[in-house]
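Below is one structure, written out as structure tokens; comments come after it.
The values are calculated or read from the model by the stated rules, or taken from the named source; none is laboratory data. Please read these numbers as outputs of a predicted model, since none were measured by experiment. Note: ideal-geometry Cβ built from the backbone for every residue, glycine included; neighbour counts use all protein chains shown. To get the accessible areas, we keep the full protein, side chains included, count just its heavy atoms, and leave off ligands, DNA and RNA. Shrake-Rupley method; radii C 1.70, N 1.55, O 1.52, S 1.80 Å.
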Amino acid sequence: MVPISDQTMAAIEYAMDALNTRAEVTANNVANSEVPGFKASRVSFEDQLRRALAGDRVERIQDPDIAGTGAPGDAIGNNVSLENEVVEMMQTNLLQQAMVEAFNFKAGMLRSAIGRTS
Amino acid sequence: MGAFDAIDIARSGADVSQLWLQAIAHNIANINTVRSADEEPFRAKLVHAEEVLDGDGVGEGARAVEILDSDADPMVVFDPDNPLANEDGYVVRPVVDLSKEMTDMIAAQRSYQMNLQVIKTNEETYQAALRIGQ
């Protein structure tokens with residue numbers, strides 16, 4: 001394996017991609033929060049990532065799961081909870097930023113390894 | 001789907017909320033639109049919205065499909081002095097339920113605000129992504 005794109009880098013890349021999908025799905029839930037019959041969805045990728053990291057095969061990890069929340073619907077058959085979506089959105093935003101920091105940290109380590117100081 | 005999809009998705013939601021607010025404003029503006037009982041009454045406008053799916057069945061926003069007229073029963077009132085009254089002295093009141101319009105307005109406004117919040121938060125996320133490697 002090329003040392004520059006190791007397991008950590010691959011995991012960060014995968015997580016950022018999955019978080020991007022999660023942000024889109026959350027945006028879609030909010031956009032449809034008043035549409036009759038619409039059902040909210042959630043993206044889950046943490047379990048896949050954990051399993052992949054344990055098995056040392058991050059490159060072959062499957063795409064994140066998108067599944068309905070299964071929450072009961074309201075009078076118009078819509079089950080979007082705006083509070084949950086806001087929390088989801090904030091968490092996704094923070095995780096995404098943490099991933100950027102992690103990536104930059106790792107890149108900084110590689111830079112020092114090849115003898116550059118910044 | 002492009003690079004900043006979450007923002008486009010939220011914009012589609014804000015568009016639908018905006019259209020809904022317009023329909024509500026139109027309905028409330030016509031709360032006193034009385035017509036002759038021989039004519040079709042003013043009917044509240046309802047926005048029919050639905051989810052937009054891409055080829056893989058993944059949601060990519062909301063859109064307004066059509067504007068519908070409320071099909072509630074109109075109220076015909078006896079008002080012989082009204083110049084609009086028909087030969088028997090009847091006029092028809094507009095089919096607008098004010099309490100429904102007011103509660104819808106709250107929902108539409110919240111939905112609009114929430115979509116703008118989604119745009120704002122995701123803009124922050126994309127800004128963070130631009131710091132990769134810096």
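Quick notes on this one:
- From B:73, B:38, B:56, B:81, residue being more than 9 Å from chain A (Cβ to nearest Cβ), part of a loop (DSSP other than H, G, I, E, B), exposed (fewer than 14 other Cβ atoms within 10 Å of the Cβ) and in contact (Cβ under 8 Å) with a residue 24 or more places away in the chain: B:38
- Qualifying residue in segment B:98-112 (condition: more than 14 Å from chain A (Cβ to nearest Cβ), farther than 30 Å from residue A:94 by Cα, within 13 Å of the chain's Cα centre (by Cα) and surrounded by fewer than 14 Cβ atoms within 10 Å (Cβ to Cβ)): yes
- Residue B:8 assigned to a helix (DSSP H, G or I), facing chain A (nearest Cβ under 10 Å), open to solvent by 40 Å² or more (accessible area, probe 1.4 Å) and not small (Gly, Ala, Ser): yes
- The requirement of being surrounded by 14 or more Cβ atoms within 10 Å (Cβ to Cβ), within 17 Å of the chain's Cα centre (by Cα) and within 8 Å of chain B (Cβ to nearest Cβ) is fulfilled nowhere in segment A:42-65; no residue meets it.
- Filter result for residue B:101 (out of contact with any Ser or Thr (no Cβ under 7 Å at 6 or more places or on another chain) and in a helix (DSSP H, G or I)): yes
- Within the span defined as segment A:88-98, every residue fails to be among the hydrophobic types (A, V, I, L, M, F, W, C) and over 25 Å from residue A:12 (Cα atoms).
- Residue B:64 under 22 Å from residue B:28 (Cβ atoms), touching a strand residue (DSSP E or B) at 6+ places or on another chain (Cβ under 7 Å), within 14 Å of chain A (Cβ to nearest Cβ) and not basic (Lys, Arg): yes
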